[in-house]
Amino acid sequence: MLRIFFILFVGINVVYGQVKPDSAWMNQKYSMFIHWGLYSELGGVWNDKPIISGYSEQIQSHGGIFSDWYAEVVRSFNPVKWNAEEVVGLAQKAGMKSIVFTSKHHDGFCMYHSQYTDYNIVDATPFKRDVMKELAEACRKKGMRFGVYFSLIDWHFPQAYPISSHNADPLTPEHYEYNLKQVEEIMTGYGPISEIWFDMGSLTPEQSRGLYALVSRLQPRCMISGRLGNDCSDFSVMADNEYPDYKIGVPWQTAASFFPETWGYRSWQQRGEVADKVHEKIESLIKIVSRGGNYLLNIGPMGDGSVIPFEQEVLMGIGAWLDKYGEAIYGVQANPFDYFAEWGDITVKGNNLYLFVEKENRPERILLEGLKGKIKQAEYIGGKPLKTAEEKGTWAVYPEPESTPELPVEVIRIELEEGFEILPLHAFVTGRTLTCENAVPLYAYSSMDYYTGFRSIIAYNWGIQTSAKQLKPVIFYTEEEQGKKIVLTVDGTEKEFLLEGGKKQHPQPSKIKWGSLYRKRSGGLLGSIPEVMLINGRPAGEGWQLCENWQNGEKWEIPAGERRSFLFWQEIEADRETDAAVEIGSGNGVMVLLNGQVLTTHSSGRGNGYNKEKVLLPLKKGKNTLLIKTYNRFEKTLCFSLRPLEDFPVYRLETDACPLKSRSWHTCGIRLANPETRNSAMRLNNLKIRY
């Protein structure tokens, strides 16, 4: 039995009273997304001209098409080549385990028979058939799970916000009620729904909770996507075509298009070679699954309902690869090691490790650092056995060339003796103080709305080495953490602690020199991590301005508009390694980085345009770089303040001893005992543990 000593799915069992995630959803790994609608009839062309800006499924917006002109397209939308059973059969041959279909996209046209609008494929087109019902029934007939996409914005509904540049508008009360009615008819009229993929809009917390409660009441096992907003979700959704390179501790999914330019059918798309696209999508699938996620690959059928031959061929190529290597994809767990290997990716199932090796980059020797156990055998799946050896306590596998030219990635199956372990090799801490700086973070993906999404830290993990038989942690916290309840895990044993009643201490002051403050505009997303190069101690790049007449603690209100952010940069010089306390005031979101490392990121909703918090900065001796990104999502101005604190008390909390296992290495982790949601940032960056 595998023993992995990091917290992998934190608090995912009970959210909003529902028992989720659904195990079948977790294990499906690979699914089909279908973007098909009225826009498919246009194929990315209006008035005989290609519309080159934006996604083709949003051609009404990007092409500047009047709503009545666009609505006239229904007269010619007659998808006579649509065949639901053939689509399901293609998905099955491709190795996909579910289908997510666009019930309604931003244009408001319903691909099902809605009783709340005649702007639907049955009532408005010559086709007169409910294609979503046909697909749902074909999925049930063939044992395929069925899900739906539902746009939270609607350019056709009269009482919704009009088309804007960003697709993240609020919902009027009338529009929200309309969405509730349509979601209810989908949840009650189309059989079991495996997931509902909400998209866009910027809902109030009450609206997000209302839709979540409605779906969960009608279909308790239906998984709800993170783009519902306000962290009301059962699974996180990455940005379009995003492939995370970090560990995620909640259920998550990446939705991917065949081409980054569009999701809906584009008649003039340059498609390239089938073999190259097969290789690209297999690599993407492996990357997602090896990091614990589900891969949702989109197709964009043509206006006549047929699937593009290029996309069919690519899916069949992926399916051929999965026919041979599917055991390494389906029902597996993420890479159990605390690092990502340069030579490829890893999954695990039972006593088997699966190594995905790019043939073009195949190394002569693969080292499995941190693996403690015994290898029974190693072999290519469907191929020959491979030589293994234990070299100075580290297992090595020797991947000899295989003769499978048609498959871009080879997979090695390693069978191990039961009871093997994976050491937190790259997480070991030197010294006896555990901090956010030397931790291995575990992430979720928080999403207030599409533009206010970011990777949120939900746990810290460390590896420690000691010959002691027990650990007596001392927890140091500040007033920012006071009153929070945390879970401390030592060698798999959990204990809860309330951060109250600690002995107040006043750290010894250090000599700290605060440099000038600079600022520049940043992008319109909270979660994008800024990269700032320093040249001779100053930020490189254009746009930086000296904040003249800056006064510490002064509140700046910068006219910025919605979805805007600013970067603030300051150099801090310390005479020794020490902590410096600052009070930071920010807008609807903030990201704080010190010397290139993210200390904290979090967001707030409407009506919280100025938020203050105290942050401990773990300074190194010499020059340090403080970078603050403050983000405005909802307000008319963006707020910022920065005030160094000369006296900032820290509280020392003694704890009971924790028994240690009889070995020289151990694991330790912390998380919130009762997070607001599974994706909420825990904000314990000031906390330290000494042992």
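The values are calculated or read from the model by the stated rules, or taken from the named source; none is laboratory data. Bear in mind the structure is a predicted one, so any value in this text is a computation, not a measurement. Note that we place each Cβ from the backbone using ideal geometry, even for glycine, and neighbour counts take in every protein chain shown.
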Right, residue 253: touching a residue at least 12 places away in the same chain (Cβ under 8 Å) and touching a helix residue (DSSP H, G or I) at 6+ places or on another chain (Cβ under 6 Å) or not? no
If you go through 377, 312, the only one that is over 30 Å from residue 42 (Cα atoms) and outside any loop (DSSP other than H, G, I, E, B) is 377
Filtering region 461-488 down to residues that are under 19 Å from residue 652 (Cα atoms) and of a type in the set (Ser, Thr, Tyr) yields 477, 478
Looking at region 644-691, what strands (runs of 3 or more DSSP E) fall wholly within it and have at least 2 residues that are surrounded by fewer than 18 Cβ atoms within 10 Å (Cβ to Cβ) and touching a residue at least 40 places away in the same chain (Cβ under 8 Å)? 650-654
Can you tell me which of (1) of a type outside the set (Phe, Trp, Tyr); (2) buried (at least 20 other Cβ atoms within 10 Å of the Cβ); (3) more than 30 Å from residue 370 (Cβ to Cβ); (4) in contact with a Ser or Thr (Cβ under 6 Å, 6 or more places away or on another chain) is the one residue 473 doesn't meet? (3)
Residue pairs within 7 Å by beta carbon, gap of at least six or interchain, first lying in region 573-587 and under 24 Å from residue 612 (Cα atoms), second surrounded by 17 or more Cβ atoms within 10 Å (Cβ to Cβ) and of a type in the set (Asp, Glu), listed first then second, are 584/613; 587/635
So which pairs qualify, if the first residue must be in region 379-394 and on the phi < 0 side of the Ramachandran plot and among the charged types (D, E, K, R), the second must be exposed (fewer than 15 other Cβ atoms within 10 Å of the Cβ) and outside any strand (DSSP E or B), the Cβ gap must be under 8 Å, and the two must be at least 6 apart or on different chains? 384/400; 387/400
Across region 327-357, what is the total count of residues that are buried (at least 16 other Cβ atoms within 10 Å of the Cβ) and either out of contact with any strand residue (DSSP E or B) (no Cβ under 9 Å at 6 or more places or on another chain) or assigned to a strand (DSSP E or B) (or both)? 13
Here are 452, 478, 433: which of them is hydroxyl-bearing (Ser, Thr, Tyr) and surrounded by fewer than 18 Cβ atoms within 10 Å (Cβ to Cβ)? 433
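Residue-by-condition table, conditions (1) surrounded by fewer than 17 Cβ atoms within 10 Å (Cβ to Cβ); (2) touching a strand residue (DSSP E or B) at 6+ places or on another chain (Cβ under 9 Å); (3) of a type outside the set (S, T, N, Q):
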| site | (1), (2), (3) |
| --- | --- |
| 131 | no, yes, yes |
| 177 | yes, no, yes |
| 183 | no, yes, yes |
| 203 | no, no, yes |
Scope region 133-150; condition surrounded by fewer than 22 Cβ atoms within 10 Å (Cβ to Cβ) and of a type outside the set (A, V, I, L, M, F, W, C); matching residues: 133, 134, 137, 140, 141, 142, 143, 145
Which of the residues belonging to region 258-291 are under 15 Å from residue 238 (Cβ atoms), surrounded by fewer than 22 Cβ atoms within 10 Å (Cβ to Cβ) and touching a residue at least 60 places away in the same chain (Cβ under 8 Å)? none
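This table checks each residue for (1) at pLDDT below 95; (2) out of contact with any helix residue (DSSP H, G or I) (no Cβ under 7 Å at 6 or more places or on another chain); (3) within 15 Å of residue 60 (Cβ to Cβ).
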position	(1), (2), (3)
134	no, no, no
139	no, no, no
146	no, no, no
157	no, no, yes
164	yes, yes, yes
168	yes, no, no
171	no, no, no
181	no, yes, no
Return the total of residues in region 260-302 being more than 23 Å from the chain's Cα centre (by Cα) and on the phi > 0 side of the Ramachandran plot. 1
The lone condition residue 635 fails out of (1) at pLDDT below 95; (2) buried (at least 22 other Cβ atoms within 10 Å of the Cβ); (3) not in a strand (DSSP E or B) is (2)
Scanning region 522-535 for residues that are outside any loop (DSSP other than H, G, I, E, B) and loosely packed, with under 11 Cβ neighbours inside 10 Å gives 535
Out of everything in region 493-521 that is in a loop (DSSP other than H, G, I, E, B) and exposed (fewer than 12 other Cβ atoms within 10 Å of the Cβ), what residue ends up being modelled with the highest pLDDT? 501
Evaluate region 73-83: report whether one residue or more is modelled with pLDDT of 95 or more, buried (at least 20 other Cβ atoms within 10 Å of the Cβ) and within 18 Å of residue 198 (Cα to Cα). no
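Per-residue answers, yes or no, for (1) closer than 25 Å to residue 191 by Cα; (2) without any contact (Cβ under 8 Å) to a residue 12 or more places away in the chain; (3) touching a Cys at 6+ places or on another chain (Cβ under 7 Å):
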position	(1), (2), (3)
144	yes, no, no
151	yes, no, no
157	no, no, no
162	no, yes, no
178	yes, no, no
